[in-house]
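Working notes, structure below.
The values are calculated or read from the model by the stated rules, or taken from the named source; none is laboratory data. Just so it is clear, the structure is predicted and the values come from calculations on it, not from any experiment. Neighbour counts are summed over all protein chains in view; Cβ atoms, including those assigned to glycine, are modelled from backbone coordinates with ideal geometry. Quick note on the areas: whole protein, heavy atoms, side chains included, nothing else; ligands and nucleic acids left out. Shrake-Rupley method; radii C 1.70, N 1.55, O 1.52, S 1.80 Å.
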Amino acid sequence: MHIAVVGLSHRTAPVEIRERLSIAEQSMEESLQRLRSHEQVLEASILSTCNRLEIYTLLRHPELGVSAVGSFLSDVSGLQLEQLLPHLFTYHHEEAVAHLMRVAAGLDSLVLGEGQILSQVKKMVRLGQEHQSIGPILNRLLNQAVSTGKRVRTETNLGTGAVSISSAAVELAQLKVGQARGVDDLVPLDQEQIAVVGAGRMARLLLQHLQAKGAPGVVLLNRTVERAELMAADFPALPVQCRPLRDLDHCLSTCSLVFTSTAAEDPIIDAKRLGKLNRRSSLMLIDIGVPRNIAADVATVSGVDSFDVDDLQEVVTRNQEARREIAAEAEVLLQDEGRQFLDWWDGLEAVPVVNRLRTQLEEIREQELHKALSRMGPDLSARERKVVEALSKGIINKILHTPMTNLRAPQPRQQRHTAMQVLQQLFDLSDPQA
């Protein structure tokens, strides 16, 4: 068995590739079943966010299993594998474990220390359990990743004041508004007419950060106005007008700054739509949806500036340096957690050898016990027979205790492999399936 992760992220693929590989929750069960249907995939889980798609697997054979996952990604994206390969990463065993720990801790996020990724890892665990695509190995690994993410946030200051994708989007707006005014710095948004499209988790965070940055008010558009109103009620200090999505054209005509964060699979704003409007001012569009909510062709429309999640790097870089020292502290915790899992995993490797040794000794015990009882004759009572049998079982358990304990104890992998090889050679414990 072999642990591997195959995927892509903001570090390896542009948004136009990532949006082709975004798997919605309603499609997750089917996707997991497709992965598990391959004979090489023993366990599987999928982490799908706006900045990454990663597939964690337990495989029978490393190369064949990774090839099966690559074919799955090609089918999902509609891209040829040759087109995907430059953007994919593959990590095996220790590297796969270390990568997952870094992801859960927020160290691999676009925004260093981002907290939302931990809830997304928790969701990955829940979906894997609900759809029965993970077994004892991935279940332990993923749950340890969740506890690692919590530990990092508890024992370091990495999560203190950590920004999210949404807060980075608000800072990007502040920066671009400032640059339009000739100031290369973050400026207040108090003169902007602002709209937010969508009423999900990211939109909630947008409202939170807009309120903190002193926005004068926000128009919140959503397909379901009632949901928007429920969200708006949580921000009494921020004037929020809730409108149906059909009012989007009006907002695009009157607002100067529009954030989009919806689950739509196709763009809801494109050049054709903007071209029909009688806009009163310049318009800045910031799209943090993946798949993108705003089509690339809006860049051709005069008076419109458009940005997506890949453009957030400009403001993220400003905040990274102060957090790198804290991140180095967190890396030490990650190494400890990863080592704990690998020690447990390595201990499992000894189980088949110990089981074969137990089976061999049990066969010898039964044969010798049968001979001894035959020699004792019929005068031996049932109680005495039980005592003799218990004695033979006790001897076997005593013999097995030390090698079982030593083989499963934490130790370098090569040292364990050497001990297993010696044990197999001494007792001729060949694997019947080999």
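Miscellaneous remarks
- Mean Cβ neighbour count within 10 Å, used as a protection proxy, ranking 111-117, 256-262, 147-153, 331-337 highest first: 256-262, 111-117, 147-153, 331-337
- Judged by the mean number of other Cβ atoms found within 10 Å, the most tightly packed of the peptides 177-187, 100-110 leads the ranking 100-110, 177-187.
- For the chain, a simple Cβ point-charge model (Lys and Arg +1, Asp and Glu -1, everything else neutral) yields a dipole of about 980 debye relative to the Cα centre.
- What separates the Cα centres of region 264-327 and region 377-424 is a distance of 66 Å.
- Relative contact order of the chain, defined on C-alpha pairs under 8 angstrom at six or more residues apart (%): 13
- With DNA, RNA and ligands ignored, accessible area of residue 365 (1.4 Å probe; Å², nearest 10): 20
- Apolar share of the accessible surface for the chain: 49 percent from carbon plus sulfur atoms, 1.4 Å probe.
- Assigned charges on the beta-carbon of Lys, Arg, Asp, Glu; region 279-375 dipole about Cα centre (debye): 400
- Neighbour-limited loop hits for GluC sites (Glu not before Pro), region 1-80 (at most 16 other Cβ within 10 Å; DSSP other than H, G, I, E, B): 39
- Annotation: lysines with alpha-carbon distance below 24 angstrom to residue 398 (same-chain offsets under eight excluded): 371, 386.
- Each of 23, 77, 50 was placed along the dipole of region 1-79 (beta-carbon charges, centred on the mean Cα), and the one lying farthest toward the positive end is 50.
- Summing charges over neighbours of residue 98, with a neighbour being any other residue whose Cβ is under 11 Å away from its Cβ, gives -3 when K and R count +1 and D and E count -1.
- Signed unit charges on C-beta, dipole axis of the chain, positive-most listed residue 13, 202, 369: 369
- A simple count of charges around residue 338, restricted to other residues whose Cβ falls under 15 Å of its Cβ and scoring Lys, Arg +1 and Asp, Glu -1, yields -3.
- Put simply, the amide H of residue 243, placed in the peptide plane, has neighbours under 5 Å in 220, 221, 222, leaving out anything fewer than 5 places away on its chain.
- In region 1-88, Cα pairs under 8 Å separated by at least six residues give a relative contact order of 39 percent.
- Between 420, 284, 202, the GNM of the chain built on Cα springs shorter than 10 angstrom shows 420 fluctuating the most.
- Per residue accessible area of region 154-218, 1.4 Å probe, in Å²: 41
- Matching the structure-derived Cα extents along the principal axes in Å against the labelled list (1) 69, 67, 36; (2) 108, 42, 39; (3) 95, 54, 42 gives the label (2).
- The spacing between region 64-127 and region 195-220, judged by their C-alpha centroids, is 29 Å.
- Cα gyration tensor shape for region 63-109, rounded if a/c is under 1.5, else prolate or oblate: prolate
- Peptides 125-132, 392-399 ordered by packing proxy, namely the average of other Cβ atoms within 10 Å per residue, highest first: 125-132, 392-399.
- Listed residues 174, 360, 83, most fluctuating in the chain (Gaussian network, C-alpha, under 10 Å): 360
- Summing Lys and Arg as +1 and Asp and Glu as -1 over all other residues whose Cβ lies under 11 Å from the Cβ of residue 21 gives a net charge of -1.
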